[in-house]
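The values are calculated or read from the model by the stated rules, or taken from the named source; none is laboratory data. In this text, all values refer to a predicted model and were calculated from it rather than measured experimentally. Cβ coordinates were reconstructed from backbone atoms using ideal geometry, including for glycine residues, and neighbour counts include every protein chain displayed.
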Amino acid sequence: MKSILLSFPVFISKSTRNITDNAPLILGFNRNSRFSYRSKNENTRSRMIRLRVISNNSKEDDFFDYENDESDSVAEFQLVPQSGDIEVGNFHADKLEEKVDDEITQVNLKEVTYNIVFVTSEASPYSKTGGLGDVCGSLPIVLAARGHRVMVVSPRYLYGGPCDEKFAGTTNLDCTTKVKCFGGVQEVGFFHEYRKGVDWVFVDHPSYHRPGNPYGDIYGAFGDNQQFRFTLLCHAACEAPLVLPLGGFTYGQKCLFLANDWHGGLVPVLLTAKYRPNGIYKDARSIIVIHNLAHQGVEPASTYSNLGLPWEWYGTLEWIFPTWARTHPLDTGEAVNILKGAIVTADRILTVSQGYSWEITTPEGGYGLNELLSSRKFVMNGITNGIDVTEWDPSSDEHLSSHYTADDLSGKIECKIALQKELGLPPRLDCPLIGFIGRLDYQKGIDIILSAAPALLQDDVQFVMLGTGEKQYEEWMRATEAAFQNKFRGWVGFNVPISHQITAGCDILLMPSRYEPCGLNQLYAMRYGTVPVVHGTGGLRETVKTFNPYSEEGKSEGTGWAFSPLTRECMLDALRMAIKTYREHKTSWEGLMKRGMERDCSWDNVAAQYEQVFKWVFMDPPYIT
């Protein structure tokens, strides 16, 4: 792959010829701004290709010539923007008698593309503990496929086990940068892998090399989680577009940074307080993406000096705990809040659903930041996450014993029987099978399930739960399984194949979360024809429409049940309504399944909404200059 630096707004490909025998060439462009040619003469040894670049701002045209002396009959160029957004248009390939190959398409592109930098503490498949890893592992690939140049910056976690093989495809860039923070100079390195059109960049430092997961181990959270490790990440992420020659060229200064949660929250602050005052990143923009407002990166005020920021910017991160939240009478409540600093300095704010963008402006859902968020709601949007429709596809899922589609649901029946046998439950098609997948903690509403389980299990139902978390709930699952051997199964831990099998084999998925910024399990369930019963909050309320058999024109609508408020009685009422519909109204139930399966949950749909926000963020000057 050869790279050509683009520095003009309009590119026109002119005729190409073989310099030895004039053999015709096939020329074309694809969606990733890649430019290819193939000789029709396989014996050709030397080929010259010329790209003519016409500038509206220059009287002279520029030409890029490339001669290939290799025996290969295919050469490919990647058009790499020098920095920022470039409007690409007016591509004209020479008229050919033969059809261009499917992979090489002639297109007219009149889209604005951006140099996008994701900053995240996790990105699947390299690291993942939840939905953040899914988003930052999937969305960049789709944006790259839509023509953007995309980099993902994340730590290079090494656990000393088989998981380290996930970084086997990365290469050391032999490029280090020095970060001034925590009272000294820290040196970090960079590893890189170009995969699926995305530059995956991993920040390397000894603090990321330890057993456990990205945030802790069997003894609890790492002590340097809150600041040191992710302060290094943010500083390194700001340097990466300037110093890393990926594909032969750096990303440059006109970048769009997507800082995810508090772990990347220092990036907007650094752009504002450190770089722009020195004339760097003047044309860059930043967006803070809030996946979970409950985690804000709060530390004592005395730690501000560790962050590598000028003292005059202390007020941006200053945080005062209310009196009731202080530890003792002499506690002044003074702290620094990284996420608060990101909200103050970012050019725009995104959340992972429209419902959550409203909830975090309320006292109940704002975790002390509701007034600040309300003051910036004119630049705040919510975009519901998508899912990987290739990994989560009931017609081809490798973890399922049978496959099925919305047009042929017979395979789902076989999946249910296989799941019942796998878990040791009596195989019964007439018995509604209810599932739960998630953490066993207060947020997920496990206490509501615990209080409702005795009444629910008196009905003719089967219930299976998969998850890990608080020990009291794990012990409750084991005790309940012993008491209801033919009705309940509790799988303590997490298992990917079993999670897919539960999603496909169950009839109903239960999600009584107290708050859910977006939620993915309900999207997986609908994709697999499993009807969700959820608490109407955040992304759950937005994605699950309550079943209405009496809608206009006599056509039923809805994809599940969203109940509110979150009480034992409301949850039981919703579950019993779902169970009754399953047993007595088969046609309506099948309609629920098919409407869920036909819902567009793809990342491509989500990426189009992100692109609209990208346009908005560059319409205005930086929020703080």
> What single numbered condition from (1) out of contact with any Ser or Thr (no Cβ under 9 Å at 6 or more places or on another chain); (2) part of a loop (DSSP other than H, G, I, E, B); (3) not hydroxyl-bearing (S, T, Y) fails to hold for L510?
Replying inline: (2)
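Do you know which of the residues in the stretch 370-386 that are of a type in the set (A, V, I, L, M, F, W, C) and either in contact with a Ser or Thr (Cβ under 6 Å, 6 or more places away or on another chain) or surrounded by 20 or more Cβ atoms within 10 Å (Cβ to Cβ) (or both) is farthest from L540 (Cα to Cα)?
L373
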> Name the residues in the stretch 443-473 that are assigned to a helix (DSSP H, G or I), surrounded by fewer than 17 Cβ atoms within 10 Å (Cβ to Cβ) and without any contact (Cβ under 8 Å) to a residue 60 or more places away in the chain, would you?
Replying inline: L450, P454, K471, Q472
> Hey, among F378, F436, F463, which residue is more than 18 Å from A525 (Cα to Cα), among the aromatic types (F, W, Y) and either at pLDDT 95 or above or out of contact with any Asp or Glu (no Cβ under 9 Å at 6 or more places or on another chain) (or both)?
Replying inline: F378
>> For the stretch 404-424, which positions are aliphatic (A, V, I, L, M) and assigned to a helix (DSSP H, G or I)?
In response: I413, I417, A418, L419, L423
> Which residues, taken from the stretch 478-494, are within 33 Å of the chain's Cα centre (by Cα) and either part of a loop (DSSP other than H, G, I, E, B) or among the hydrophobic types (A, V, I, L, M, F, W, C) (or both)?
Replying inline: W491, V492, G493, F494
>> I want to confirm something. Restricting to the stretch 284-336 and keeping residues that are touching a residue at least 24 places away in the same chain (Cβ under 8 Å) and among the hydroxyl-bearing types (S, T, Y), which single residue is surrounded by the most Cβ atoms within 10 Å (Cβ to Cβ)?
In response: S286
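Being part of a loop (DSSP other than H, G, I, E, B), assigned by TED's automatic domain parsing to the domain that holds V534 and either crowded, with 16+ Cβ neighbours inside 10 Å or of a type outside the set (A, V, I, L, M) (or both) is true for just one of P497, P427. Which residue is that?
P427
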> Given G247, G252, G220, G197, which one is of a type in the set (G, A, S) and out of contact with any strand residue (DSSP E or B) (no Cβ under 9 Å at 6 or more places or on another chain)?
Replying inline: G220
> Going by the structure shown, is V185 part of a strand (DSSP E or B) and modelled with pLDDT under 95?
Replying inline: yes
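Tell me, which residue of the stretch 522-561 that is closer than 23 Å to C601 by Cβ and over 28 Å from the mean Cα position of the chain (by Cα) is surrounded by the most Cβ atoms within 10 Å (Cβ to Cβ)? Write out each step before concluding.
First pass over the stretch 522-561, keeping only residues closer than 23 Å to C601 by Cβ: 522-548, 551, 555-561.
Keeping just the survivors that are over 28 Å from the mean Cα position of the chain (by Cα) gives 547-548, 551, 555-557.
On the way: F547: 24, N548: 11, S551: 11, K555: 10, S556: 16, E557: 16.
Step by step, filter the stretch 522-561, then rank; the result is F547.
With modelled with pLDDT of 90 or more, surrounded by fewer than 21 Cβ atoms within 10 Å (Cβ to Cβ), within 24 Å of V142 (Cα to Cα) and among the hydroxyl-bearing types (S, T, Y) as the only criterion, which of S588, S602, S564 stands out?
S602
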